[in-house]
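Just below is one structure, and these are the notes that go with it.
The values are calculated or read from the model by the stated rules, or taken from the named source; none is laboratory data. Everything numeric here is computed off the predicted structure, so don't read it as measured data. Cβ placement follows ideal geometry from the backbone for every residue including glycine, while neighbour counts extend to all protein chains displayed.
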Amino acid sequence: MGHTALILGDQLMRDNPALAGAERVLFVETTGTARPRRAHRRRVHLVLSGMRHFAEELRRAGELKVVERRGMRSLKAGLDGFDDVVCAAPNSAGARRAMQRLGVRQIESNQFLTAPDRFAAWAEGRLRLVMEDFYREQRHRFDVLLDDDGRPEGGRWNWDRENRRPPTADLHAPDPYRPLEDAIDEQVRADIDAAGLELFGEDGPRQFAVTPAEAELALASFVDDRLASFGPWQDAMVEGERFLFHSLLSVPMNLGVLAPLTAVRAAEGAYRRGDAPLASVEGFVRQIIGWREWVWGMYWLRADQWPERNALDAHLPLGDAYRGGRTGWKCLDSVVDGVAATGYAHHIERLMVLGTIGLTSGTEPWELVRWFQSAFVDGAEWVMAPNAAGMALFADGGEMMTKPYAAGGNYINRMSDHCVGCRFTPSEKHGPRACPVTALYWDFVDRHADVLEANRRTRRAV
C-alpha cells in the first residue's frame with residue numbers, strides 16, 4: 001500500500017519527490033495561511049490558486065487519488081485519518097520541526113539547485129563566506145556563460161558596472177505577461193471572502209504565474225521583451241512603473257512551478273542567439289544561481305539563529321509607514337503603495353528604500369523580516385531572513401554582506417525620480433526641507449561610528 005504525498009503550498013513541483021510511490025495526494029488549506037501575521041491578500045490568493053490548479057491537473061491525469069481539505073483550522077486537523085504521510089522537506093526550519101511533531105516523513109526536496117548540506121560543505125573551513133566565490137563555482141558547476149576554455153564569457157565574471165544606470169526621463173518597460181484567471185481563481189477569491197481572514201493589500205486579477213504552463217509563458221515574455229533592458233535598469237526606480245524590466249519569476253520559482261535552471265538556460269540562450277547583451281544576461285543569471293541559491297544556503301547555515309540576530313542592537317518597533325501610514329516621503333510612500341497594490345517591489349526598492357529606512361531608523365530585525373514575509377507575494381522565511389535581517393539590516397554583523405547598506409536621499413535621488421516634486425530636499429540634513437532619509441542616514445552614522453570606522457568599506461563615512 002502506497003503512502004500519502006502531502007503537497008505544501010510552496011512546493012508545487014510537478015516532480016515533487018513525495019509523489020514517487022504515492023497512492024494518494026493530499027492538499028491541506030488552513031485558515032492559518034494568513035496567520036500569525038496579516039498576509040497580503042494577493043499572496044493568499046496565488047498560493048491557494050496554485051495548489052488547486054495542481055490538484056486539478058492530478059485529478060484529470062487520473063493516476064492518483066486526490067484529496068483536498070479546505071478551511072482546516074490547522075495542518076494537524078488536515079492530516080487526521082491519514083497514515084504514512086510523506087512530504088518534501090519544507091522550506092523553513094519551523095515547518096520541518098512541525099512535520100516531525102506531526103509524524104510526517106520528510107525526504108530531500110528538489111526545488112533548489114544547492115542542497116543545504118552541499119552549501120554547508122562549501123562553507124566549511126572558509127575564513128569568510130563571499131557570494132562572489134560561490135557564484136563563480138556555480139557557473140562552473142552548471143556550465144553557464146563559459147567559453148570553450150571554461151573562462152567567463154566576455155572575460156569577466158561580473159558585469160555590475162554596466163548594470164547600475166539611473167533612470168532616464170522617458171524610461172518605460174513593456175507590460176509583463178499576465179495570466180488569465182479561470183473558475184479556480186474565482187472560487188479561491190470567493191472562499192477567501194467567505195473565510196473572513198484578516199488580510200491586507202488590494203485585490204485584483206492575479207498577476208503572477210502559478211502553474212508550469214503559465215510560468216513558461218511568463219519566462220518567454222521576459223526573455224523576448226524585457227531581458228535585453230533588464231541589466232542597465234535593474235537598479236532604477238520609477239514612479240508609476242511597478243515592474244520595469246524585472247522578470248517577476250520569483251513567484252513561480254518560489255512556488256516550485258518554474259525550475260531555476262530552466263530560467264537560466266533560457267536567458268543564456270538569448271545571449272547565444274544575440275538577442276540580449278551579456279551584461280543583462282549575466283545580471284539575471286547572477287540573481288538565480290548566485291544570489292538566490294546563496295540566500296537559500298545562508299538561511300539553512302544559520303537557520304535557528306536568524307530570529308535572534310541583532311548585531312546593531314536595534315529595537316524600534318516597525319513603523320506605521322510600512323503598513324500604509326502616510327509619511328510625505330515620496331520614496332517610502334510610493335514603494336509601500338506599490339506593495340499594497342501588487343504585493344511586489346523589486347530588489348532595490350526592498351533593499352535601498354524599505355531596507356535602508358529600516359536600518360537607519362533602528363527597526364528590530366525580526367519585525368521587518370516578518371513584515372517582508374507577509375507583505376510580498378514571493379515572501380518566505382528562507383528568503384527574507386537572510387535578505388532583510390542579514391543584507392538590509394546588518395543583523396548578522398556582516399556575514400551576508402561586507403558592509404551595512406545604509407544610504408541617504410542622494411542615492412534615492414540618483415537612482416529614481418521619487419525626489420521630483422517631493423517636499424524634502426535630498427541633499428539637506430537639517431532644517432524644514434531636510435530629507436528624512438538623509439537625516440536618518442547621518443544619525444545612523446553617528447550612532448554606529450565605532451562599527452563603521454572598523455570597516456574599511458565604510459570608514460570614510462564617519
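Restrict the check to the stretch 403-415 and report whether at least one residue is over 19 Å from residue 350 (Cα atoms) and either β-branched (Val, Ile, Thr) or at pLDDT below 95 (or both). I'd like the intermediate steps shown before the answer.
Going through the stretch 403-415, the residues over 19 Å from residue 350 (Cα atoms) turn out to be none.
Looking through the stretch 403-415, none of the residues is over 19 Å from residue 350 (Cα atoms) and either β-branched (Val, Ile, Thr) or at pLDDT below 95 (or both).
What pairs can you find where one residue is in the stretch 1-13 and assigned by TED's automatic domain parsing to the domain that holds residue 53 and farther than 23 Å from residue 251 by Cα, the other is among the acidic types (Asp, Glu) and at pLDDT below 95, and their Cβ atoms are less than 6 Å apart, with a gap of 6+ or different chains?
Correct list of pairs: empty, since none qualify.
Just name the residue that is farthest from residue 396 (Cα to Cα) out of those in the stretch 285-299 that are of a type outside the set (Val, Ile, Thr) and in contact with an Asp or Glu (Cβ under 9 Å, 6 or more places away or on another chain).
286
Within the stretch 22-124, which helices (runs of 4 or more DSSP H) (wholly inside it) include 3 or more residues that are at pLDDT 95 or above, more than 30 Å from residue 135 (Cβ to Cβ) and of a type outside the set (Ser, Thr, Tyr)?
Hits in the stretch 22-124: 41-61, 75-79, 93-102.
Applying the selection to the stretch 71-93, what residues are within 21 Å of residue 299 (Cβ to Cβ) and of a type in the set (Gly, Ala, Ser)?
Selection gives 88, 89, 92, 93.
Could you pull out every one of the helices (runs of 4 or more DSSP H) wholly within the stretch 254-342 that has 2 or more residues that are within 30 Å of residue 452 (Cα to Cα) and in contact (Cβ under 8 Å) with a residue 60 or more places away in the chain?
So the answer is 293-301, 330-342.
It is to be established whether one or more residues within the stretch 140-153 are of a type outside the set (S, T, N, Q), surrounded by 15 or more Cβ atoms within 10 Å (Cβ to Cβ), touching a strand residue (DSSP E or B) at 6+ places or on another chain (Cβ under 7 Å) and part of a loop (DSSP other than H, G, I, E, B).
Checked against the condition, which is being of a type outside the set (S, T, N, Q), surrounded by 15 or more Cβ atoms within 10 Å (Cβ to Cβ), touching a strand residue (DSSP E or B) at 6+ places or on another chain (Cβ under 7 Å) and part of a loop (DSSP other than H, G, I, E, B), the stretch 140-153 yields at least one hit.
Would you mind stating whether residue 286 is over 24 Å from residue 366 (Cα atoms), outside the structural domain of residue 374 (by TED's automatic domain parsing) and at pLDDT below 95?
Spelling it out, it is not the case that residue 286 is over 24 Å from residue 366 (Cα atoms), outside the structural domain of residue 374 (by TED's automatic domain parsing) and at pLDDT below 95.
Tally the residues that are surrounded by fewer than 18 Cβ atoms within 10 Å (Cβ to Cβ) and assigned to a helix (DSSP H, G or I), restricting the search to the stretch 190-212.
Total satisfying the criteria: 5.
Of all residues in the stretch 125-139, which are in a helix (DSSP H, G or I) and touching a residue at least 12 places away in the same chain (Cβ under 8 Å)?
Applying the first criterion (in a helix (DSSP H, G or I)) to the stretch 125-139 yields 131-139.
131, 132, 134, 135, 136, 137, 138, 139 - these are the residues of the stretch 125-139 that are in a helix (DSSP H, G or I) and touching a residue at least 12 places away in the same chain (Cβ under 8 Å).
Which of the residues spanning the stretch 144-202 are touching an Asp or Glu at 6+ places or on another chain (Cβ under 9 Å), at positive phi and touching a residue at least 60 places away in the same chain (Cβ under 8 Å)?
Of everything in the stretch 144-202, those that are touching an Asp or Glu at 6+ places or on another chain (Cβ under 9 Å), at positive phi and touching a residue at least 60 places away in the same chain (Cβ under 8 Å) turn out to be 145, 154.
Is there a residue being within 20 Å of residue 256 (Cα to Cα) and of a type in the set (A, V, I, L, M) anywhere in the stretch 358-379?
yes
Failed condition for residue 370, given (1) closer than 14 Å to residue 243 by Cβ; (2) in contact with a helix residue (DSSP H, G or I) (Cβ under 9 Å, 6 or more places away or on another chain), with all others met?
Failing condition for residue 370: (1).
Is there any pair with a first residue in the stretch 359-374 that is assigned by TED's automatic domain parsing to the domain that holds residue 441 and without any contact (Cβ under 8 Å) to a residue 40 or more places away in the chain and a second that is in a helix (DSSP H, G or I) and not acidic (Asp, Glu) whose Cβ atoms are under 9 Å apart and which are 6 or more apart or on different chains, and what are they?
What qualifies is 372/350; 372/354; 372/355; 372/383; 372/384; 372/387; 372/388; 372/392.
Give the stretch 205-228 a look and list any residue that's aromatic (Phe, Trp, Tyr) and farther than 18 Å from residue 342 by Cα, or say none. Walk me through it before giving the result.
Quick first cut of the stretch 205-228, residues aromatic (Phe, Trp, Tyr) only: 208, 222.
Answer for the stretch 205-228, where residues must be aromatic (Phe, Trp, Tyr) and farther than 18 Å from residue 342 by Cα: just 222.
Hand me the list of helices (runs of 4 or more DSSP H) wholly inside the stretch 359-462 holding 3 or more residues that are among the hydrophobic types (A, V, I, L, M, F, W, C) and surrounded by 24 or more Cβ atoms within 10 Å (Cβ to Cβ).
Where helices (runs of 4 or more DSSP H) fall fully within the stretch 359-462 and carry at least 3 residues being among the hydrophobic types (A, V, I, L, M, F, W, C) and surrounded by 24 or more Cβ atoms within 10 Å (Cβ to Cβ), they are 365-375.
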